[in-house]
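Structure first, then comments.
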Amino acid sequence: MNLQETIRQQAEQTKRAAAQLAFCETNVKNRALLQMADLLISQSAFIISENEKDLTAAREKQLAAPLIERLTLTQKRISEMAAGIREVAALPDPVGEMGHFRRQPNGIQVGQMRTPIGVIGIIYESRPNVTADAAALCIKSGNGVILRGGSEAIASNRAIASLLAEAGVKVGLPPHAISFIDTIDRQAILELLTLSDCIDLVIPRGGEELMKTVVAHSKIPVMKHDKGLCHVFVDATADIAMAEAVTFNAKTQRPATCNAMETVLVHQAIAPLFLPRAAKRLRDAGVTLRVCTRTMALLVEAGFQCGDGGITEATEADFHTEYLDLILSVKIVGSIDEAMKHIARYGSAHSEAIITQNHTNAIRFLREVDASAVFVNASTRLNDGYQFGLGAEMGISTSRIHARGPMGLEALTCTKFVVLGDGQIRQ
């Protein structure tokens, strides 16, 4: 059987499984999820040994340190995966929920019921935990799932997916509800994207090239989880201690994630007070600063050694760059309008924050900045399904249609109208 036939067979099997899964009782799905979590813990040594194969290959290929960090699985991260699955099991099941009923003049009651989308294809890179998160969310929301991870994590993803599928079948889920594309051949992605008769939605998670490939070739609706070029704007009235803490967290807490801050914008009125202390803390943490001309002059005046690699002048390209590393662009702006204009030009509509004590500016920022999540006096790192109370997330959607921001269970369902009558006919 060639690659095209193999991919089609898997998709057809998952489509048949999804038709059964849509009507699985909540308790069956929950038991399956708990069994999955238990199996990940009991087989953690196996998972780590498979992950080490990927890490060895990554080091041989000299992949960037942030990519290796995202690829690495530890006992702690496996425990977090299992905990995430258990959280999904504890969440209310959205399938079958009915609401928004209203009675029409002719007496019929019209409402909506939540239903699974069907089969969801997940195409992702680097992070093996996505395998567990995506499978758990799809199962709980009644969707079949086809997983296609990146070549850099093939052994890790294979191990996790096989354990999840095994646990699900053992507890009563239909076989093939969780399907894993077990090849590093990039042609597999292109074949998958043609199967609009089997797959209802494709969700890509990864770099810009993956997004471009999926959008260009997909015959299936795509829910983009695009790059995160995130900003924090320190307004003139910001509490300096808060601004320092938030920007430090947004950059350093886990810089290789899509919701990490890549540029800090600082109002000129507060820059002389804020930037020297913030720059010192960031530099002490190993952050490289790429700064505008005004910031460079201010830091030189404050006694910083600039131009030595640790603090250099920013280029236009820097403001367009998602570093995913301990590198930060810095720019002084003259107003909130200039800050929002910068964000509109360079941002990726992912996560944007303002630190301010000015209520009017806070509301303007919330209303006028276009992003999947907008924050006032909080870190962009909080744009996350767990932090928002959604349990595990499928990712952070930067699309405008159907769902935006962290995608939890409800975002993996659609609705159908339900009509309750007592013999009404149309006149």
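None of the figures in this text is laboratory data; all of them are computed from the coordinates on show. In this text the structure is predicted, and so the values were computed from the model without any measurement. Every residue, glycine among them, receives a Cβ derived from its backbone with ideal geometry; neighbour counts consider all protein chains shown.
Cross-link candidates for Lys416: which aspartates and glutamates have Cα within less than 12 Å, leaving aside residues fewer than 8 places away along the same chain?
Glu97
Quick one: which residues, 5+ away or cross-chain, put their amide H under 5 Å from the amide H of Ala238? H built at 1.01 Å from N.
So Ala238 has HN proximity to Gln357.
Cα axis of helix 154-171 to longest principal axis of the chain: angle in degrees, 0 to 90, nearest 10?
It is inclined by approximately 40 degrees.
Along Cα→Cβ, 7 Å out, is where each label goes; now give me the distance between the ones at Glu97 and Ile240 in nm to one decimal.
4.6
Here is the link list: Lys53/Lys170; Lys280/Lys341; Lys224/Lys251; Lys61/Lys170. Which ones come out longer than 32 Å on Cα distance?
Lys61/Lys170
Under a Cβ-Cβ cut-off of 10 Å, what is the net charge of the residues other than Leu39 that fall near it, where Lys and Arg count +1 and Asp and Glu count -1?
Residues near Leu39 contribute -1 overall.
What number comes out for the charge environment of Asp284, summing +1 per Lys or Arg and -1 per Asp or Glu over other residues with Cβ under 14 Å away?
Spelling it out: positives minus negatives among the neighbours equals +4.
Please sort 363-373, 308-318 by packing, taking for each peptide the average over its residues of neighbouring beta carbons within 10 angstrom, highest first.
363-373, 308-318
Any idea what angle helix 208-217 forms with the longest principal axis of the chain, computed on alpha-carbon atoms, 0 to 90 degrees, nearest 10?
So the inclination is approximately 40 degrees.
Kindly work out what percent of the DSSP beta bridges joining two residues of the stretch 3-226 are antiparallel, to the nearest 5.
So the antiparallel bridges in the stretch 3-226 amount to around 20 percent.
For the stretch 3-226, report the translational diffusion coefficient in µm²/s to the nearest whole number, using Stokes-Einstein at 37 °C, 0.692 mPa s, and a Kirkwood Rh over Cα pairs.
My calculation gives 181 µm²/s for D.
Between the stretch 145-186 and the stretch 49-120, what is the separation of their alpha carbon centroids in Å?
Taking the Cα centre of each part, the stretch 145-186 and the stretch 49-120 sit 14 Å apart.
Please report, in cubic angstrom per residue, the volume enclosed by the convex hull of the alpha-carbon atoms of the stretch 221-334.
Normalising the Cα hull of the stretch 221-334 by residue number yields 112 Å³.
Could you give each residue of the stretch 67-78 its phi-based ³J(HN,Hα) in whole Hz, using Karplus coefficients 6.51, -1.76, 1.60 with θ = phi - 60°, and x for Gly or Pro?
So the Karplus estimates, Gly and Pro as x, are 5, 5, 4, 5, 7, 6, 10, 10, 4, 4, 5, 5 Hz.
Calculate how steeply helix 336-346 sits against the longest principal axis of the alpha-carbon atoms of the chain, using the helix alpha-carbon long axis, and give the answer as 0 to 90 degrees to the nearest 10.
50
Which FRET efficiency, nearest 0.05, do Ile363 and Ala45 yield, Cβ-Cβ r, R0 45 Å?
Approximately 0.30, to the nearest 0.05.
Would you mind classifying the stretch 58-129 by shape? Square roots of the alpha carbon gyration tensor eigenvalues, ordered a ≥ b ≥ c; an a/c under 1.5 is rounded, otherwise it is prolate if a/b is larger than b/c and oblate if not.
prolate
Build a GNM of the chain with springs between Cα atoms under 10 Å: which of Leu409, Leu324, Leu210 gets the top mean-square fluctuation?
Leu210
Over the Cα atoms of the stretch 16-71, Rg to Rh with Kirkwood Rh, two decimal places?
Rg divided by Rh gives 1.23.
What's the local net charge at Met394, with K and R +1, D and E -1, over the other residues with C-beta under 9 Å away?
-1
Can you compute 3J(HN,Hα) from phi for each residue in the stretch 359-371, using the Karplus curve 6.51 cos²θ - 1.76 cosθ + 1.60 with θ = phi - 60°, rounded to whole Hz and x for Gly and Pro?
Karplus-based 3J(HN,Hα) across the stretch 359-371 equals 4, 4, 5, 4, 5, 4, 4, 4, 7, 9, 7, 9, 7 Hz.
Using only helices, what value at 222 nm comes out for the chain when you add -39,500 (n - 2.57) per DSSP H run of length 4 or more and divide by the total residues, to the nearest 500 deg cm²/dmol?
-13500 deg cm²/dmol
Hey, what do the phi angles of the stretch 273-287 turn into as Karplus ³J(HN,Hα) couplings, whole Hz, using 6.51/-1.76/1.60 and θ = phi - 60°, x for Gly and Pro?
The phi angles translate into 8, 7, 5, x, 6, 5, 4, 4, 5, 5, 5, 4, 8, x, 7 Hz.
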